[in-house]
1. When the chain is fully extended, how far beyond the present Cα-Cα distance does Gln179 get from Leu25, taking 0.36 nm per residue of separation?
2. Could you tell me what percent of the accessible area of the stretch 130-229 is made up of carbon and sulfur, with a 1.4 Å probe and every protein chain present?
3. For Leu128, enumerate residues with amide H under 5 Å from its amide H, sequence gap 5+ or separate chain, H modeled in the peptide plane.
4. Can you give the FRET efficiency for Val189 and Glu272, using 1/(1 + (r/R0)^6), R0 = 45 Å, r = Cβ-Cβ distance, to the nearest 0.05?
5. Hey, what do the phi angles of the stretch 178-194 turn into as Karplus ³J(HN,Hα) couplings, whole Hz, using 6.51/-1.76/1.60 and θ = phi - 60°, x for Gly and Pro?
6. What is the set of long-range amide H partners of Val189 at a cut-off below 5 Å, with H atoms built 1.01 Å from backbone N?
7. Tell me the label-point distance for the pair Ser39, Ile254, using the 7 Å Cα-to-Cβ offset, in nm and rounded to one decimal.
8. Give me the net charge for the shell around Ile254: Cβ to Cβ below 13 angstrom, other residues only, Lys and Arg +1, Asp and Glu -1.
Amino acid sequence: MGRLRVKSDYETLRNARIVENQARLASLGLHKTISELRSIVSSAKSEKTQLRKWQKKDYEITPLRRSNRLKRTPAASTCTSNFLRRSSRLRGSDIGEENGSNSSSGEGEEKRPANAPLVKTYGARHQLSPKDSARRCRRKEGRGCVYNSVFGICCHFCRQKTLCAEEDCKRCGNLDVNQPCIGKTDCSVCHSSNGVLCRACLKLRYGEELEEVRENKEWMCPHCIEEKGINPYWICNSSICLKNRRMAPTGIAIYRALELGYKSVAHLLMDELQRRDPS
C-alpha cells in the first residue's frame with residue numbers, strides 16, 4: 001500500500017478559492033451549471049433549424065413583368081430626341097456597339113435580327129487569333145468558350161457573351177458584323193434579346209435543336225409563345241424571368257429532369273405548372 005499524499009499549500013489555497021467563487025456566483029444568482037447552459041443553447045439551435053427547414057415551393061403562373069423598351073411603348077419620361085447616348089470611351093475607340101439589338105440611327109434603316117446586332121468598327125479590320133479560332137471550333141467537344149465583349153452575342157439564359165462554335169459562322173469566325181450568328185437563335189416575332197439562345201441552353205433548357213430552329217423561319221421564343229397563348233405553361237426558365245415571376249430559379253435542374261424522363265427543364269417545369277394549376 002502506498003502512502004497517502006498530503007495536500008500541498010497550493011491545493012489547499014486553490015480549493016478555498018473554488019469554494020469562495022462558488023459562493024459568490026450563488027449570491028449573484030449565477031448558479032446555472034454548464035450542462036444547463038448547454039441544454040439551453042442546444043434547444044435554441046434546434047428551434048432555429050426547425051424554422052429554417054426547407055419547404056417545397058409551389059409554382060404559380062404570374063404575369064411576367066416587362067419594361068417599356070421590350071413592349072416597344074414609349075415611356076412618359078422618355079426624351080423626345082432619338083440620339084444614341086455614347087460614352088467618351090466608345091467615341092474615342094475604333095469599335096462601337098449599339099445599345100440594343102434592334103436600335104438604328106435612322107427610321108429608314110432595316111431592323112436587324114437579335115443574332116446580328118449592329119457593331120460599328122469605323123473601318124478597322126479585326127481578326128481572331130489562330131489560338132482563339134481553334135478553341136472556338138473545339139467548343140462543341142469541350143468547354144472551349146471564347147469570350148468577346150464586342151463581337152460576341154449574349155445568350156438570354158447563360159448570359160455569356162461568347163463566340164459560337166459553328167464552323168460556317170462568318171460573324172464569329174471572320175468577325176463579319178454584317179452577317180448573323182448562326183450559333184444563336186432569333187425569334188421571328190419579337191427579334192429581341194429574349195429570343196437569343198446558344199446551342200447548349202436551347203438543348204438543355206428547352207429541348208430544341210439548333211439546326212431545326214434555323215430551318216424553321218417561324219420559330220418563336222418562349223416569351224412570344226406565352227403572349228400569343230399558344231401554350232400558357234411553356235414559359236422561359238431563365239433566372240431573370242423566373243425572378244420577375246416571383247419564382248425560385250431552377251438552377252441545374254437538367255439532371256433531375258433527365259432522371260424523371262423529361263426532355264428538358266422547360267418540359268419539367270411545364271408539367272409541374274400544369275399539375276399545380278387549380279383550373
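1. Length difference between fully extended and current span is 47.1 nm.
2. Accessible surface attributable to carbon and sulfur in the stretch 130-229 totals 46 percent.
3. Counting only residues 5 or more places away or on other chains, the set is empty.
4. Step by step, r from the Cβ atoms, then E = 0.95.
5. Listing the rounded values in order: 7, 10, x, 7, 7, x, 10, 7, 9, 6, 6, 9, 8, 6, 10, 5, 5 Hz.
6. The answer is Cys221.
7. My value for the distance between the label points is 5.4 nm.
8. Surrounding charge for Ile254 is +3.
The values are calculated or read from the model by the stated rules, or taken from the named source; none is laboratory data. Model, not experiment: these values are computed from the prediction. Neighbour counts run over all protein chains shown; Cβ positions are idealised from the backbone, glycine included. We work out accessible area using only protein heavy atoms, side chains counted, and drop any ligands, DNA or RNA first. Shrake-Rupley method; radii C 1.70, N 1.55, O 1.52, S 1.80 Å.
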